[in-house]
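Notes for the one structure printed next.
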């Protein structure tokens, strides 16, 4: 049987950072098993920016963040196996000596204290025996079924992550008139994304009295585009026999019950649900890892170790996190400790007081409605609430000077990174597309054969120009191969200048 | 459309024929491809007959047959001497054999009726007497201790066990009957709603007109139209019937039947209720179903779930099994019973299975509500008998009685899985994570012999999208296959029949 020191399940931000952490702690063979055909996990479909502030002190898009995390994992010397779907983990008892690692008699071949991981791939069933495991299996979305929305079951009801994948990766539009239930971050980000790609988002509906996601997303995803949010409201009925025709929206009382008489119909052809994430721990369960019954999260100690010695957990499968950066931080810690567990060397596991840690992480960015005359500075994860006093013309609440400049810009002419996708023709041999990688009309692109490439502007552009810039890029097709970071097009910044548009991932 | 169907994909080829001729000659036309229509088609396909099944939806089991409790009833609920009682008992006794022949998931679980008081026990004694008069086997009362042994955690002071009751997969049952009928020469034409029926007095043959303008002629017309069987009868000039749709709502719970529910558990039936009371049923896939409610409604297409009933359903189910938790809910659905009894009468009327004397050649099957699926094969045999009395039926020498379903990865042990993947690597690509469905299984479903083309057709054949993530993982992957490998445009992809388009088109 194949052997590894540390085996990592999942190559999202948590798993990739765990690989880096494990190699840094001296693990010899570190293997990541990923079920998708490429690493990066959900980052690949998160074409928006806002990643990397903690890890890289930069505003990165999801795919750019993934590229960095992949590179780090690769450079560390970890092995990545994509297309491998882990189906179970069998733990062969507690380690026979010490806190883990080799058997007490020094033998290496025994399986006592090891975990045997089985994965299915197109090559067959692979079994790897590992001294330590890091579970970085992420999460899944809460569904319409789980929250039991009354009404019919027409086509056109999706979860936000599914819509994100269809729109940003598969080049498929779910609808033209969209209602979003839930003001979690994914829901708000999709409200903006769908608006920019030409859909009309007619309502974001939130059960709670305040938006559930980050204030910065309320400002930058909803307010920026004039998208209406209805708090203390819910979708009380789904209407439409074959295709979604409308939803019934109702107001809720303080106990969360529908107030009769407040029902109103909203016509729509897509309902997007952003109603929560659930840690995905089916693999953990096969290993006997204890879960919290209410939240489905893995219970770990402050070293990220579960109740099963040698099995560690991090990221969204451990508990739902607001930012990918924190998932990576946690993954790195879990990977380090897994490697320490796996080694016979006398190295201490790293410890962090998780309560402090979680507290520190739960508040860096404010949630709910933004304060009036206040902007949430998005230059760093602190998310300072910078106030502007119109009478005195002075700013307050900023943690550093940059906050004032940010707020001033926000007030007068807010600037945003443009983040979107453009079509790439996979067939570079097609003469109808210029091979320079620069813009070209879309007509030449045969339907169904293009792939989408996430792109961003090199610098922030005026918010006013953003919709037209996204529209401009809708009709652009470029030819592969494309390197991450290369220039694929230019757009107008609204002040007569052309701004470079960069590829956020490699293609071809 | 580029669905390259393997094997006997007769319908696609025949459809072209139909267009050319616009008139198609048959011996028998079956209207409706639910469980009854499919069973009749399969039964009649034993004989030298030219058979066409006309179905308004895009697949089999699109109506009542796909929306029920999926139970093979024993036959104790119906009045002695009724067709319902006779055909249900006979159907129950042959069901295991037909499921083995056609490779349909079937589990003889038995079933419990729970008594909460003395009055209930008295009702159960009456049911046993009635069942025995009907010819049911394996009915007996159980005391509280036995009840607890059979079904730990259930409330109640005692109950009744029916050992011959079973659960099965109603979708795969209808699909198997239809595929076997197809294999034996019957023709299935989907998306063909019957809009007119003429009977020529000259040759006593029927001309059936469908909504798309085609005409089909036959000597026998078998009305298996379920909820619309009264309307089909009316088109043929029989105005004696009226179907009253009675809605039943259900919840689907996660795959927890193994732990919580070894067999279907019903409350002792109360007099005057149209259904069997809210009950708990394990499915062959390991889920638990709660339901159904019983509510007469006017609209035969209204399959909505309602807030009030949903609340009540769960409360009643929890009374039966206190271990249930709302977090286990993964979906809900509703079905309609095609009742012949007026709302104010309640209860049930016997099946109508007869050739109409005023319209020779028209065989009406009306009011086939529960236990219609259990009785489907005996019902089909009755239809064959009616025809055989007038016209000698010659058995085909090459009738194929059995039919094999393509293998499913999740049914196999690891050695078998490895062998299957070695044979076809697509068996090693997991598309649906909740149900462990491989790409090859999705492909088999897409290329189904009946040529049904929708997400639901894939869902019911491959069981993808049915898990706790409601398709959050696999829907994007299935759609990607349909678009890239089968050349479908996103806007052509439907959830069910035409009109249930999932997407508005491309993003760019």
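Read-outs: derived from the displayed coordinates by stated rules, not from any lab. Note that the structure is predicted; figures quoted are calculated from it, not measured. A quick note on method: Cβ atoms are made from the backbone with ideal geometry, for glycine too, and the neighbour counts reach across all protein chains shown.
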Review point. Considering only the protein assembly as shown, what is the antiparallel percent among its DSSP beta bridges, to the nearest 5?
Key: 65
Practice item. Round to the nearest 0.05 the FRET efficiency obtained for residue B:119 and residue B:301 when R0 = 45 Å and r is the Cβ-Cβ distance. Key: 0.70
Revision key, fill the gap. From DSSP H assignment alone, runs of 4+ in chain A each adding -39500 (n - 2.57), the sum over residues rounded to the nearest 500 puts [θ] at 222 nm at -6000 deg cm²/dmol
**Study point:** Relative contact order (%) - chain B, alpha-carbon pairs under 8 angstrom, separation at least six
**Key:** 20
Point to revise | the range B:106-236, relative contact order in percent, only Cα pairs under 8 angstrom and at least six apart counted | key: 21
Check your understanding: Please state the relative contact order of chain A as a whole percent: Cα pairs under 8 Å, 6+ residues apart?
Key -> 16
Practice item. Provide the FRET efficiency to the nearest 0.05 for the residue A:495-residue A:369 pair, computing r from the beta carbons and using R0 = 35 Å. Key: 0.65
Point to revise | Relative packing of A:485-494, B:34-43, A:321-330, which averages over residues the other C-beta atoms within 10 Å, highest first | key: B:34-43, A:321-330, A:485-494
Review point. Using the per-residue mean of other Cβ atoms lying within 10 Å as a proxy for protection, in what order, highest first, do the peptides A:229-235, A:336-342 fall?
Key: A:336-342, A:229-235
Check your understanding: Among B:314-327, B:218-231, what's the highest-first ranking by average C-beta atoms within 10 angstrom per residue?
Key -> B:218-231, B:314-327
Check your understanding: PRE reach from residue A:292 (point 7 Å along Cα→Cβ): which of the range A:307-327 fall under 14 Å by backbone N?
Key -> A:314-322
Check your understanding: Relative to the compact globular guide of 2.2 N^0.38 Å, what is the alpha carbon radius of gyration of the range A:143-275, as a ratio?
Key -> 0.96
Review point. Considering only DSSP beta bridges whose two residues both sit in chain A, what percent are antiparallel, to the nearest 5?
Key: 60
Point to revise | Simple spin-label estimate for residue A:82 and residue B:394 in nanometres, 7 Å along Cα-Cβ | key: 6.1
Check your understanding: What FRET efficiency, computed as 1/(1 + (r/R0)^6) with R0 = 41 Å and r the Cβ-Cβ distance, is obtained for residue B:312 and residue B:386, rounded to the nearest 0.05?
Key -> 0.45
Point to revise | Average other protein chain Cβ within 10 Å of Cβ, residues B:415-422 | key: 3
Practice item. Calculate how steeply helix A:185-196 sits against the longest principal axis of the alpha-carbon atoms of chain A, using the helix alpha-carbon long axis, and give the answer as 0 to 90 degrees to the nearest 10. Key: 40
Check your understanding: Average partner chain C-beta neighbours within 10 Å, per residue of A:171-177?
Key -> 6
Check your understanding: Using the Cα gyration tensor of the protein assembly as shown, with a ≥ b ≥ c the square roots of its eigenvalues, what is the shape: rounded (a/c below 1.5), prolate (a/b larger than b/c) or oblate (neither)?
Key -> prolate
Practice item. Could you work out how far apart the two model spin labels at residue A:38 and residue B:150 are, taking each label as a point 7 Å from the Cα in the direction of the beta carbon, and quote it in nm? Key: 5.7
Check your understanding: What full-extension length gain, to one decimal in nm, is calculated for residue A:400 and residue A:2 as 0.36 nm per residue of separation minus the Cα-Cα distance?
Key -> 138.0 nm
Review point. By what distance, in whole Å, do the Cα atoms of chain A stretch along each of the three principal axes, largest value first?
Key: 73, 63, 57
**Study point:** Residue-averaged [θ]222 nm for chain B, counting only DSSP H segments that reach four residues, each worth -39500 (n - 2.57)
**Key:** -9500 deg cm²/dmol
Check your understanding: Which whole number gives the average count of other chain Cβ atoms within 10 Å of the Cβ atoms across peptide B:470-479?
Key -> 6
Exercise for review: Please work out, to two decimal places, the log10 of the ratio I(q)/I(0) at q = 0.17 Å⁻¹ from a Debye calculation in which every Cα of the range B:226-373 carries one identical scatterer.
Suggested key: -0.95
Check your understanding: Nearest-5 percent of antiparallel DSSP beta bridges in the range A:143-275?
Key -> 40
Point to revise | Three-way shape label, chain B, alpha-carbon gyration tensor, a/c 1.5 | key: oblate
